[in-house]
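Reviewing the structure listed below.
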Amino acid sequence: MKTRLSRIRESISDSSIPGTLHAAIEQKNSTNAARVVAGYCWPWTSKKSPQSFDIVIGSDYRRRWNLDVDGSLWIVAPNSINEVGCIHTCQGLEVEYIGVIIGPDLIVRDGEIVTVPEARDRHDKTLRGYKTQVKATPEKAKALAALIIKNTYRTLMTRGMKGCYIYCSDAETTEYFRSRISRH
C-alpha cells in the first residue's frame, strides 16, 4: 500500500549510519531527555539471552531493546540511553530529542511510502493475525497493517519536543527523507 508522507513538525536531521544517530542523541542527553527508538522489526533475542544484541545493523551497530531492567520506566532511566525503545515504551511520553530508526517495514519507492508488514518481527502484537487476515480479506488486512506501521513511526517521530533524528535502513528511503529535510 502506498501513501504520501505528511509534513512532520519537528526539525529533522538525518543520519546515514545508525551509530551516528545514536551518538548525536547521546550528545543531546545531558539532561537525561534524549532517547533512541525504532520500529518493531528486530527480534527481542536478549529477552532469553541477556548477552545478545537485538538491533544489529551492519557490522558496527549493536543495541538491545529496552525493558530488560527498568520496565515501563525505561524512558526516564539514565542508562536507557544505551538501549533502543519501541512504540510500547514511549507512546504518550515525550523527551527533548528523539532518534528514530526506521526499519524495513516502512520504505519509499518512486516517491511513495510503502509499508511492508512482513518485515516486522513475528512477535509484534500489533500485527498479530496479519497472515491469517491477509488470506481472508487481503485489501482490508493490508490497509490496517499500513495504518499501524505508519502510526508507529508517526508516534515515534513526534516524541521529540525539540528535535528528531532519523536513520533509515533502506537507501531510497534515506534519500526521500534527506530531500525533504533539505527543503526546510
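The values are calculated or read from the model by the stated rules, or taken from the named source; none is laboratory data. Given the structure is predicted, the values throughout are model-derived calculations rather than measurements. In this analysis, Cβ positions are derived from the backbone assuming ideal geometry, glycine residues included, and neighbour counts consider all displayed protein chains. These area figures cover heavy atoms from the full protein model, side chains too; ligands, DNA and RNA do not enter into them. Shrake-Rupley method; radii C 1.70, N 1.55, O 1.52, S 1.80 Å.
Among the residues that make up the stretch 111-129, is at least one of them hydroxyl-bearing (Ser, Thr, Tyr), under 29 Å from Gln27 (Cβ atoms) and touching a residue at least 24 places away in the same chain (Cβ under 8 Å)? No, there is no match, as no residue in the stretch 111-129 is hydroxyl-bearing (Ser, Thr, Tyr), under 29 Å from Gln27 (Cβ atoms) and touching a residue at least 24 places away in the same chain (Cβ under 8 Å).
Among all residues of the stretch 167-177, there is at least one that is within 30 Å of Gln27 (Cα to Cα), polar (S, T, N, Q) and out of contact with any helix residue (DSSP H, G or I) (no Cβ under 9 Å at 6 or more places or on another chain). All conditions but one from (1) basic (Lys, Arg); (2) touching a residue at least 40 places away in the same chain (Cβ under 8 Å); (3) open to solvent by 30 Å² or more (accessible area, probe 1.4 Å) apply to Arg64; the one that does not is (2). Restricting the stretch 117-168 to residues that are more than 21 Å from Gly85 (Cα to Cα) and of a type in the set (Lys, Arg), the residue that is most open to solvent (accessible area, probe 1.4 Å) is Lys135. The criterion of at least 1 residues that are at pLDDT 90 or above, under 23 Å from Thr89 (Cα atoms) and touching a His at 6+ places or on another chain (Cβ under 9 Å) is met by the following strands (runs of 3 or more DSSP E) wholly inside the stretch 1-59: 34-38.
When the stretch 169-184 is filtered for residues that are surrounded by 15 or more Cβ atoms within 10 Å (Cβ to Cβ) and of a type in the set (Val, Ile, Thr), the ones remaining, listed by number, are Thr173, Thr174. Selection over the stretch 60-79 of residues that are at pLDDT 90 or above and either touching a Leu at 6+ places or on another chain (Cβ under 9 Å) or in a strand (DSSP E or B) (or both) gives a count of 4.
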